[in-house]
Structures are given as C-alpha cells and as structure tokens.
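To keep things clear, I will list the structure first and then write my remarks on it.
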Amino acid sequence: MRVVFFSAKPYDKKFFQELNQTYGYELYFLDVPLHADTAVLARGYDAVCIFVNDEANKAVIQQLADFNVQLLALRSAGYNHVDLAAAQQYSLPVVRVPAYSPYSVAEHTLALVLTLNRKTHRAYNRVREGNFSLTGLMGFDLHGKTVGLIGLGKIGFATARIFKGLGCRVLGYDVVKQPECEEIGLEFTDLATLYTQSDIISLHCPLTPDTYHLITDSSIAQMKRGVMLINTSRGALIDTPAVIEALKHEHIGYLGLDVYEEEGDLFFEDLSDKVIQDDVFTRLLAFPNVLITGHQAFFTQNAMHNIAEVTLQNITAFAQKEPLKNALF
Ligand code: NAD
C-alpha cells in the first residue's frame, strides 16, 4: 500500500515511521492540507490519510475516486470534515480512530479549567519577573461546584470521572441516556437544567447539524452569570460572536477553548511573524478571562501512539480485505 499523509507534522512522521517498521507500507508525508487545490497530490496513492482540518468535501472525494484512491484513513475520531454521503456515492471507504485516548482530552479540559480558575499562566509570568503580588489571582474551590457536561461519550465520561474525583456535582446531557451514569454518580439531566444549574459547562458532543451553534444567545441566556464555558470538542458548537457579547457583558465569566470555528486558517502552523486577519479571533484574545489552546487536547504521547497504531491497523484490514471495524459506513 502506498499511503500519502496530508497535514503531516514532524511528530506524525515520527510516530508513524516508528510503528511502520512492523507494517512495511510506503508512507509519504506532505505538510500541505487536503483541499480541492491539493487533492491532485493524491494521484498514484492507494490510501490518503488526513487530520481534522483537511477538507474531504464532495469535490475532493470525487477527485480521489478519479485517481483510484481506495481508502480514506482519518487520524481522528471526529469526521465532520468528511462528506460521508459523497464517499459512499463514490465507494470510497472511510476509516477513523474512534478512541485513541479519551483521557488526553478530558485531562486537557481539566487543565483549561484549572488555568482559568487559578490563573497559573499569569502567576508563572509574574514570579519570573519578581512580582509576588496575589492581586488578581484569586480563584474558587472546585470542590462542591456543579459541572455540566454536554455529550456523554468516551471523553464526556472520562471528564465526569475527573470532576467527581475533585468533589464536584456532575450533571450530564446526551441524546442517548447512558446506563453508566448512576454508577459514577453523574446526574443525567435535560439541557435546560444543565444550563441553569452549572458553574462550569464543558462540551463533549460531536459537531453535527443538530449541535451546530448549540451555544448561542438563547442557551447563554439560561446559564448562570459568571459561568465558565469550555470547548474541547469542535469550534462550530459555539456561535463565537454571541459568546463575545456575553463575555463583554460578563455573563460568561471564563472561556476556555481548544477549538475554534475558523481554526483551519490558523491552527497547527507557526504564524508568529504574521498579522492575524481574523478579527473575531483577535477579539477573543483581548479578554483576560479567555484561554485558547490550538487544538492540542489530543496531543499526548499515548494518543499519538494509538492514532498511528490504529490507523496502520485500519490500513492493514483494508489491504487484507478483512472487515473494516472502524469504517464510518
Ligand atoms: P463519542 O462518540 O464517544 O461521544 C459523543 C457523545 O455525544 C455520544 O454519547 C453522543 O450520543 C453524544 N451526542 C451526539 N449528539 C448530541 C447532541 N445533540 N447533544 C448531546 N450529546 C450528543 O465521542 P468522544 O470520543 O467522546 O469525542 C467527542 C468529541 O470530542 C468528538 O466528536 C470530537 O469532536 C472531539 N474531540 C476533540 C479532540 C481535541 O483534540 N480537541 C480530540 C478528540 C475528540
């Protein structure tokens, strides 16, 4: 199998090349993202391997099928960037890595909550400059606070366990009621209750037509004043201008983001010498109570190892004509 990787970074290359010593595929790494103008680079390959900000829309899938690409392998769990109907239409199987480490994302969620609350980023800089003043660094005890989780899948549950361990009351909402809720003391509830009672709200559902802009004026209006909102899931779950208004009026007290609706033009690249043209993003950066990380919640050694391993297993299953257990249709 000849496999071409789009949006490949040095760390992708390292993990895949190490593991590929036991698989022996021909792997080619391109740092450009996949989109309509770059799809031509897939010509001559059997499989195309992509990440979260590559665009596998209908036009791209049609091109891949024309080049006789036989497999689209996602290095991610989320697949909102792939037109599955088009892939089905062009008989291009799509495989993903459904669970590479829910702990990586759940633990990053905790990192965002703790940093926003205890302001360790500000303390770090102050102390290095010899400023030991505590003014402006006051936080609150997480113990006893109510945390609301939207989406109770693998990551939602890993996050619930962490906050239960900290002594929080944990509320959860999902379109499917998960039987394990009671086992870990998670209160399954409706969205309205979760919005009105939570001190911290964290999003762990996928981006679908139903969850697009789930957080907007009407949902924010139901939340407690001063609420902490965390999104490590997908940027478009949040209507960013609505959140900016709520930050300006101090209805949202803290915002922690690992994802952003227009992140495709920004994240995973070093733009430190460039002028950022996205005024919505730069407005977010101007708030002292907003913390943004660049889609790094998944980025642990364990997760990277598992992504490489499961992707190579997916390719092997395809090459050996075995059932594709991680296929999306
Ligand atoms: P999962 O499939 O195990 O769980 C998702 C849960 O969301 C399911 O229980 C599903 O029923 C629920 N859900 C679906 N629609 C919903 C809705 N309208 N309202 C409430 N709940 C709904 O997925 P997971 O592994 O827990 O991952 C969750 C999401 O995290 C992924 O879809 C992806 O977008 C995101 N993610 C982000 C990173 C990162 O690095 N930031 C890494 C991995 C995953």
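The values are calculated or read from the model by the stated rules, or taken from the named source; none is laboratory data. Note that the structure is predicted; figures quoted are calculated from it, not measured. Cβ sites come from the backbone with ideal geometry, for glycine too, and all protein chains shown count toward neighbours.
Evaluate region 228-235: report whether one residue or more is under 14 Å from the mean Cα position of the chain (by Cα), near the ligand (Cβ under 10 Å from one of its atoms) and either free of Cβ contacts under 8 Å to residues at least 60 places away in the same chain or surrounded by fewer than 21 Cβ atoms within 10 Å (Cβ to Cβ) (or both). Yes, region 228-235 contains at least one residue that is under 14 Å from the mean Cα position of the chain (by Cα), near the ligand (Cβ under 10 Å from one of its atoms) and either free of Cβ contacts under 8 Å to residues at least 60 places away in the same chain or surrounded by fewer than 21 Cβ atoms within 10 Å (Cβ to Cβ) (or both). Select from region 44-72 the residues that are buried (at least 24 other Cβ atoms within 10 Å of the Cβ), among the β-branched types (Val, Ile, Thr) and touching a helix residue (DSSP H, G or I) at 6+ places or on another chain (Cβ under 9 Å) and write down the one among them that is nearest to Leu312 (Cα to Cα). Here the answer is Val48.
Can you report the number of residues in region 246-272 which are without any contact (Cβ under 8 Å) to a residue 12 or more places away in the chain and either among the charged types (D, E, K, R) or touching a helix residue (DSSP H, G or I) at 6+ places or on another chain (Cβ under 8 Å) (or both)?
3
Note on region 72-165: enclosed helices (runs of 4 or more DSSP H) holding 3 or more residues that are within 11 Å of the ligand (Cβ to nearest atom) are 102-118, 154-165. Identify the residue in region 178-197 that is hydroxyl-bearing (Ser, Thr, Tyr) and more than 22 Å from the chain's Cα centre (by Cα) and, among all such residues, is surrounded by the fewest Cβ atoms within 10 Å (Cβ to Cβ). Result: Thr196.
Would you mind stating whether Ala42 is over 18 Å from Leu324 (Cβ atoms) and away from the ligand (no atom under 16 Å from the Cβ)? The answer is yes for Ala42. Every condition in (1) within 16 Å of the ligand (Cβ to nearest atom); (2) closer than 18 Å to Leu152 by Cα is met by Gln197 except one, and the failing one is (1).
Does at least one position in region 144-154 carry a residue that is at pLDDT 95 or above and surrounded by fewer than 16 Cβ atoms within 10 Å (Cβ to Cβ)? For region 144-154, residues at pLDDT 95 or above and surrounded by fewer than 16 Cβ atoms within 10 Å (Cβ to Cβ): present. Looking across region 208-226, just one residue is in contact (Cβ under 8 Å) with a residue 40 or more places away in the chain and closer than 22 Å to Leu110 by Cβ, and that is Leu214. A search for C-beta distances below 8 Å between a residue of region 146-163 that is over 13 Å from Leu110 (Cα atoms) and of a type in the set (S, T, N, Q) and any residue that is assigned to a strand (DSSP E or B) and near the ligand (Cβ under 8 Å from one of its atoms), counting only pairs 6+ apart in sequence or on different chains, returns nothing. On inspection, Leu247 qualifies as more than 12 Å from the ligand (Cβ to nearest atom) and over 16 Å from the mean Cα position of the chain (by Cα).
Scanning region 264-297 for residues that are out of contact with any strand residue (DSSP E or B) (no Cβ under 6 Å at 6 or more places or on another chain), at pLDDT 95 or above and outside any loop (DSSP other than H, G, I, E, B) turns up Asp279, Val280, Phe281, Thr282, Arg283, Leu285. So, Ile220, is that one part of a helix (DSSP H, G or I), buried (at least 16 other Cβ atoms within 10 Å of the Cβ) and modelled with pLDDT of 95 or more or not? When the stated conditions are applied, Ile220 passes them.
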